[in-house]
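The values are calculated or read from the model by the stated rules, or taken from the named source; none is laboratory data. Small disclaimer: the values here were computed from a predicted structure and weren't measured. With ideal geometry, Cβ positions are generated from the backbone for all residues, glycine too; neighbour counts draw on all protein chains shown.
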Amino acid sequence: MAEITLVEAINQALDYEMGKDENVVVLGEDIAKNGGVFRATVGLLEKYGKDRVRDTPLAESMIAGLAIGMATQGLRPVAEFQFMGFIYPALDQIINHASRLRNRTRGRITCPLVFRTPYGAGIHAPEHHSESTEAIFAHTPGLRVVIPSSPKRAYGLMLAAIRNNDPVVFLEPSRLYRFAKQEVPNDGKALPLDKCFTLKVGTDITLVSFGAMLKETLSAAKKLEAEGISCEVIDVATIKPLDMETILASVEKTGRLVIIHEAAKTCGIGAEISAEIAERGLMFLQAPVQRITGYDTIVPYSKLEKIYIPSEQKIIDTVLNTMEFA
Amino acid sequence: MKIFNLPDLGEGLAEAEIREWFVKVGDTVKEDQPLLSMETAKAVVDVPSPYSGEIKKLYGQNGDTIQTHAPLIEFVSQDAPLKKDKGTVVGNLEESETILDEGDVIVGVPQKTSTTIKAMPAVRMLAKQLDVDLTLVQGSGAGGQITAKDVKEYVQGSSSTSTGEALKGVRHAMAKAMADSHKEVVPITLSDDADITNFPADADFTAHLIQAIAKAAEIEPAINVSFNGKKLERQFNSNTNLGLAVDTKEGLLVPVIKDIANKSKEELRTEINHLKNGAKDRSLKPEELQGATFTLSNFGVFAGKYATLVVVPPQVAILGCGKIREVAKVHEGSVKVRKIAPLSLSCDHRAVTGGEATRFLAAVIQHLES
C-alpha cells in the first residue's frame, strides 16, 4: 500500500464515498477540470462525470447556497472554498441557513453537507490565504467543525463528515497538505466526529492542540521528553462539539495544561478549553492553564509568518515555566 | 529532451501571447528565474522556469500566440526532475517524503485514572504553607475533593479521633518556646572537656561552674547579649543573669539567678536550692523566672556527655554540662586516669561568631581547671 499525503487522503476519501454513495457530489471553484487549487479533487471529474463534479462560478455565497439546496433534497454535497479567507461571503448561507435548517423545520429537514476549505498560515501566501478563524464556526450552534492533522485522520474524518447529517465545516491545514506521508488503508472506515485523539501518552503535562500546530507541539514534546518531562499530546480534531471528557481525564492525570493553536488568542478555542477546565477541572490543576496562540492581528506576509506561528521553542519555554509550579 | 509546456496562466485561459523573452538559446537558467513575459486575456505575467538547466530551443518569438499546454521551451536534458504539480497558484506548500509515524493513536481517553489528588488551587496553596502532603489527606468534599478543612484537620491530627494528651501549662510553654527557637535561631554547638581532677570531690561543682561562666562572660562579653532577630540588633548586658534549667514533672522550668558575678559560692548554692525547690513545688514568683541573659543546663546529673542545646531568644548562648566522669587521658606525657566535665556550648550564630564562642568556652575551661 502506498503512503499518501494529507491532501491525497482527502481525495481518497472523496473518491471512496462517491464510489459508494451516488448522492455524494462535489462542487467549487476550479475543482472539476482543474482538480482544485491544491488538487484535492483531482481525477474525480473523469471518474464520476460533470453532474457530480461541478465547477462553480466565483461566488462563495452561491456555492454554499447551492450545497444547502442539494442537501435538503437528498444529496450529500461536499463544497470547496478555495481558501478560508474566501468563505466570508458565504457566512450568511452557512450561519443563517445551513446551521439552523434542522432547528427551523423542527427536525424535518437536515443539512448533510461538508464545507471544505484549506486553512492556516505557513505557506508563504498573502492574507486571505492564511486565515484560521475556526472559532467563528465553532461558536455557531448547529455546525460541526473538524480539523484533521494527519493523512489517516483526514481520511477517516472526511468519511465521517460526509456521512453525518449535520453541516460540517471541514478545515484542512494547508501547511500539512504535503508535509508528510502516511499509509492510509482505503477501507472506508470513518473516525468518530466527536472525539479527541491522544497522539502521545504522558504523565507530567497535557498539551492540547489541533491542525498544523500539532507539528510543533509533537516536536516540542519530543524534546521535552529528553529533558525528563513526559507530555501527553492530544489532537482535538473536532473542535465542535468539543470532547472535554478526554481533555479533562488527561488534566486530571497530569494537573497541567498548555493549549496551542495558530488562531488569534482572543475568544479562540483555547479560551473555550481553558474555561471548561476552570469550570470542571480546577481541583486537578497544579499550575495555571497556559495558551500559546497566534497574535490578535491579521496573519502577516510570508517574511513575518514564522514569527506569527507559535514556535516549538515557545511551546518548550511555556511548558518549562508551567512545570515550575510545584 | 525536456520540454516545458505553457501552463495555464490564469483560470482556464486557452492561450497567451509572447511579449518578451528574457532568455535565449544556450542560456543556463535557475529554477524560478523569469523566462519570458506573456500577455493573457487577464494580465501580463512573467513565467518562471520550472527547473534549472540549459535552454535548447524556444518555441515562438515575441508576438507569437502559444496555446495553453503547447510546447514553450526545450531544455537540455538534466537529471533534475520536473517540478511536481502541487496545484496552488498562491504560496508554496512545504513538501516532504517523510513518512509520518504516529505510533499508537488513541481515540479519546487513554486510560482511566483516579489516583489523582482533587483539590482546589487555594487548598493546594494551604497545604503547601502547612507543609502537608496531600496524598496523605482523605478528601471529604464532593467527589472525594480535599477541602481546606481536611487539610487543617490533618495538621491537627484530626482532633475528633485523637486519643493523645493535649499539652498544658509549663509543657505547653516549653513546646512553643522550643519550636519558636527552632524557627528562628541558627544554632552551632561546640564541645570540649574541662579536666577537674584537682577539684575537691566534696566541693560544690555547680557553683564553681556558675562562677566560671561569670568570669568567661567578662572575658568574652559577646556571649552575654540580648539579640533582636527582627531588627538584627544586639545589646550587651551589664549583668550576667543565669537561667538554670530545672527538670520537673510538669516540664522544663528555667528559674534565674541574677547577677552571678557578684555572688559567692555559698550565696549561689543557697539560691540554687531555693530555685530548685521552688520549681518542684511551683512556688516560684514570676520575676524569678524572667530576665536570663545566659542559660546553664546541668543535664549530666543523670546521663549524657555532649549535647546540642536549644538557645532561647533573646539569649544567644547556652552551656550544657554532661555527666562528670573519669577517663583515660593523656596528661603530662602519659596516660592517666583523669576526671573530666564534658561541656557543650550552643550559640546563635546570627549573633555570635565562632571565635567568640571558642574564646568563651576556653575561658570557662580555664577557670574550672585553675
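Quick notes on this one:
- Subset tally (residues that are away from chain B (no Cβ under 14 Å) and either closer than 20 Å to residue A:213 by Cα or acidic (Asp, Glu) (or both)) for the stretch A:275-320: 24
- Looking across the stretch B:337-361, the residues that are surrounded by fewer than 20 Cβ atoms within 10 Å (Cβ to Cβ) and out of contact with any Asp or Glu (no Cβ under 8 Å at 6 or more places or on another chain) come down to B:349, B:350, B:353, B:354, B:355, B:358.
- Qualifying residue in the stretch A:158-169 (condition: part of a strand (DSSP E or B), crowded, with 24+ Cβ neighbours inside 10 Å and more than 14 Å from chain B (Cβ to nearest Cβ)): yes
- In the stretch B:20-27, the condition of being part of a strand (DSSP E or B), exposed (fewer than 15 other Cβ atoms within 10 Å of the Cβ), more than 60 Å from the chain's Cα centre (by Cα) and not β-branched (Val, Ile, Thr) is met by at least one residue.
- Look at the stretch A:241-259: where a residue is away from chain B (no Cβ under 11 Å) and a partner is of a type in the set (Lys, Arg), sitting 6+ places away or on another chain with Cβ atoms under 6 Å, you get A:259/A:291.
- Qualifying residue in the stretch A:212-219 (condition: out of contact with any Gly (no Cβ under 9 Å at 6 or more places or on another chain) and buried (at least 24 other Cβ atoms within 10 Å of the Cβ)): yes
- Of the residues B:273, B:298, the single one that is among the polar types (S, T, N, Q) and over 39 Å from the mean Cα position of the chain (by Cα) is B:273.
- Tally, over the stretch A:8-33, of residues that are within 14 Å of chain B (Cβ to nearest Cβ), within 18 Å of residue A:60 (Cα to Cα) and either in contact with a Gly (Cβ under 8 Å, 6 or more places away or on another chain) or of a type in the set (Val, Ile, Thr) (or both): 3
- One residue stands out among those in the stretch B:245-265 that are outside any loop (DSSP other than H, G, I, E, B), out of contact with any Leu (no Cβ under 6 Å at 6 or more places or on another chain) and buried (at least 19 other Cβ atoms within 10 Å of the Cβ): the one that is modelled with the highest pLDDT, which is B:256.
- So residue B:148, is it small (Gly, Ala, Ser), modelled with pLDDT of 85 or more and over 19 Å from residue A:254 (Cβ atoms): yes
- Residue within the stretch B:275-289 that is in contact (Cβ under 8 Å) with a residue 12 or more places away in the chain and closer than 17 Å to residue B:189 by Cα present: no
- Conditions (1) outside the structural domain of residue A:303 (by TED's automatic domain parsing); (2) within 11 Å of the chain's Cα centre (by Cα); (3) on the phi > 0 side of the Ramachandran plot; number of the one not met by residue A:128: (2)
- If only residues of the stretch A:256-283 that are of a type in the set (Gly, Ala, Ser) and surrounded by fewer than 20 Cβ atoms within 10 Å (Cβ to Cβ) are counted, the one that is farthest from the chain's Cα centre (by Cα) is A:278.
- Residue A:225 meets each of the listed conditions (1) within 14 Å of another protein chain (Cβ to nearest Cβ); (2) under 26 Å from residue A:170 (Cβ atoms) apart from (2).
- Test for residue A:140: is it of a type in the set (Val, Ile, Thr), surrounded by fewer than 24 Cβ atoms within 10 Å (Cβ to Cβ) and either in contact with a Cys (Cβ under 6 Å, 6 or more places away or on another chain) or modelled with pLDDT under 95 (or both): no
- Of everything in the stretch A:147-157 that is within 18 Å of residue B:95 (Cβ to Cβ) and assigned to a helix (DSSP H, G or I), the residue that is farthest from the other protein chains (Cβ to nearest Cβ) is A:154.
- Residue among B:296, B:309 that is part of a strand (DSSP E or B) and within 20 Å of residue B:256 (Cα to Cα): B:296
- Selection from the stretch A:16-37 of residues that are out of contact with any strand residue (DSSP E or B) (no Cβ under 8 Å at 6 or more places or on another chain) and in contact (Cβ under 8 Å) with a residue 60 or more places away in the chain: A:16, A:20
- Count - residues of the stretch A:173-201 that are in contact with a Ser or Thr (Cβ under 7 Å, 6 or more places away or on another chain) and more than 9 Å from chain B (Cβ to nearest Cβ): 3
- Residue, modelled with the lowest pLDDT, within the stretch A:292-307, restricted to residues that are under 20 Å from residue B:92 (Cβ atoms) and hydroxyl-bearing (Ser, Thr, Tyr): A:302
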